[in-house]
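> Let me give you the structure first, and then I'll get to my questions.
Quick note: the coordinates plus some simple rules give every number you see, no bench work behind them. Just so we're clear, the structure is a prediction, and the values are computed from it rather than from any experiment. Here Cβ is always computed from backbone atoms with ideal geometry, including for glycine, and neighbour counts include all displayed protein chains.
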Amino acid sequence: MPGDPDLEALGEEVPLLEGIRTTRAIRRLKSDPVPRELIRKVCEAGTFAPSGGNRQPWHFVAVTDPEFRGWIADRYRPIFRDYIAPGVERAKSPDFPESGRRMQRAAIHLADHLHEVPVLLFVAGWLRRGEPQLQALMPAAQNILLACRAVGLGVSLTTLHLSFGREVDDRLGLPDGVRSCAMLPIGWPLGRYGRPPRRSVDTCLHFDRYEAADGASGEEEDRDAG
Ligand SMILES: Cc1cc2nc3c(=O)[nH]c(=O)nc-3n(C[C@H](O)[C@H](O)[C@H](O)COP(=O)(O)O)c2cc1C
């Protein structure tokens, strides 16, 4: 972890919009431990998300136990491999963007090293009318990603654990009516934060009425995002 022992002050100086523009999925992480106080700090940022009726349906469960992390990684890895395989095939084409290949490699690295990631943070929440309140839980997750960026932790948003979600939720001890919706692997980054590749806002901003840009099909591209 960085030399700054003042965890309270850590991250407070990052300008908001710069932090937003330089928050990206960081999937190559060190196995060094992360202080609980910092986990508390980033989760506190999560609690400032908006929620319907200010119901604040979230619960955050930080898995740090090595045996439990290994158990999760053993289930995530094969599911991820199956998921990414068709994209890896497509990436063999010379037309495939290099940034897509880099993302695949990083996502494969994460899957292969998930058991070494010091904190697997589950974002969970109360169901409402039988449905997870994703409208509140995803903003909470995004606030956590931004807070990690501010304090210098690496993190990415993942949802593949939902393939074995019930099993995980049981092991997390979530009560009936509470489900996890995202898993955020958190650790000190091996790489650096930086501006992620994004299409210009001018291709997706419209005033008063949608207008397709010249040459745009209007359909979403098929992206193997992971
Ligand atoms: C709903 C959702 C689910 C995602 N699931 C995964 C996942 O299971 N595994 C993974 O490595 N990344 C996952 N991601 C992360 C995306 O791949 C990432 O946000 C995207 O590639 C942009 O990354 P960048 O900000 O570094 O450009 C998910 C993102 C979202 C929004």
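> Of the residues Leu153, Leu110, Leu162, which exhibits the maximal mean-square fluctuation in a Gaussian network model of the chain defined by a 10 Å Cα contact cut-off?
Leu162
> Here is a further query. Modelled label-to-label distance, Leu190 and Arg21, 7 Å Cα→beta-carbon offset: nm?
Simple spin-label model gives 2.9 nm for this pair.
> I would also like to ask the following. If I build a Gaussian network model for the chain, linking alpha-carbon pairs within less than 10 angstrom, which residue out of Arg128, Arg69, Arg81 has the largest mean-square fluctuation?
Answer for the Gaussian network model of the chain: Arg128.
> Picking from Ile84, Ile39, Ile108, which is most flexible by a Gaussian network model of the chain using Cα springs under 10 Å?
So, out of Ile84, Ile39, Ile108, the one fluctuating most is Ile84.
> Shifting gears a bit: Tell me which residues come under 5 Å, amide H to amide H, from Ile26 once H is placed; ignore anything under 5 positions away on its chain.
When sequence neighbours closer than 5 places are left aside, the close amide H contacts are Val155, Ser156.
> In the chain, with Lys and Arg counted as +1 and Asp and Glu as -1 at Cβ, which of these residues, Val155, Gly52, Ala140, has the Cα nearest the positive end of the dipole, that is, farthest along it?
Selected residue: Val155.
> Report, in order of residue number, the helices in the chain meeting two criteria: a C-alpha extent of 18 Å or more along the helix axis, and a mean Kyte-Doolittle hydropathy of at least 0.0; treat each whole DSSP H run as one helix.
Helices meeting the span and hydropathy rule in the chain are 134-151.
> Ok, one more. Just grab the label-to-label distance for Ala9 and Glu44, each label 7 Å out from Cα along the Cβ direction, in nm (one decimal).
1.6
> Which one, Trp188, Val123, Pro78, is farthest towards the positive end of the dipole of the stretch 74-226 when Lys and Arg carry +1 and Asp and Glu -1 on their Cβ?
In the stretch 74-226, that residue is Trp188.
> At what distance in angstrom do the alpha carbon centres of the stretch 109-176 and the stretch 54-98 lie from each other?
11
> Now a separate question. Counting helices only, and only those DSSP H runs with n ≥ 4, report the 222 nm mean residue ellipticity of the chain as the sum of -39,500 (n - 2.57) divided by its residues, in deg cm²/dmol to the nearest 500.
Counting only the DSSP helices, I get -12000 deg cm²/dmol.
> Now a separate question. Mean 1/r over all different Cα pairs, inverted: what Kirkwood radius does the stretch 16-203 give, in Å?
That comes to 17.3 Å for the stretch 16-203.
> Show me the chymotrypsin sites (Phe, Trp or Tyr not before Pro) within the stretch 25-103 that DSSP assigns to loop and that have at most 14 other Cβ atoms within 10 Å of their Cβ.
Here the chymotrypsin sites (Phe, Trp or Tyr not before Pro) that fit, given the DSSP loop and packing criteria, are Phe48.
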